[in-house]
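To keep things clear, I will list the structure first and then write my remarks on it.
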Amino acid sequence: MHLYGTPFQIKVWNELCHIPFGETISYQTLATRVGNPNASRAVGAANGNNPVSLIIPCHRVIGSDGSLTGYEGGIPIKEKLLAFEKQNAG
């Protein structure tokens, strides 16, 4: 699959693919993984621009306090996706 975006967006989207099914990470952790620990807001923006959100699992990124923040499909859908993955991981 070829994605079109800024180099930073593509870096974020590629890193999203490394979050295992049934697991979550924070925006802060994702920012650190892409090489800029101070870029959690920019990571959030890139996450929000994910053009294929069911294929590249942006729903696995949560707030550092564990809150389910931001999801294009809405928080209730994010909650259901995460619950489904948690039940079926293994």
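A short reminder: the numbers here are calculations on the coordinates, not readings from a lab. What you are looking at is a predicted structure, and each value in this text was computed from that prediction instead of being measured. Neighbour counts are summed over all protein chains in view; Cβ atoms, including those assigned to glycine, are modelled from backbone coordinates with ideal geometry.
Run the helix sum for the chain: -39,500 (n - 2.57) per DSSP H stretch of 4+ residues, divided by residue count, reported at 222 nm to the nearest 500 deg cm²/dmol.
-13000 deg cm²/dmol
Taking R0 as 30 Å, what's the FRET efficiency between M1 and T32 from their Cβ-Cβ distance, rounded to 0.05?
Here the calculated transfer efficiency is 0.75.
Once amide H atoms are placed 1.01 Å from N in the peptide plane, what residues at a sequence separation of 5 or more from S26, or on another chain, have their amide H within under 5 Å of its amide H?
I62
Assuming 0.36 nm per residue, please report the length gained on full extension of the stretch E79 to S67 beyond their Cα-Cα distance.
Full extension from E79 to S67 adds 3.3 nm.
Based on C-alpha coordinates, I'd like the Rg and Dmax of the chain, in Å.
For the chain, the Cα-based Rg and Dmax read 12.2, 35 Å.
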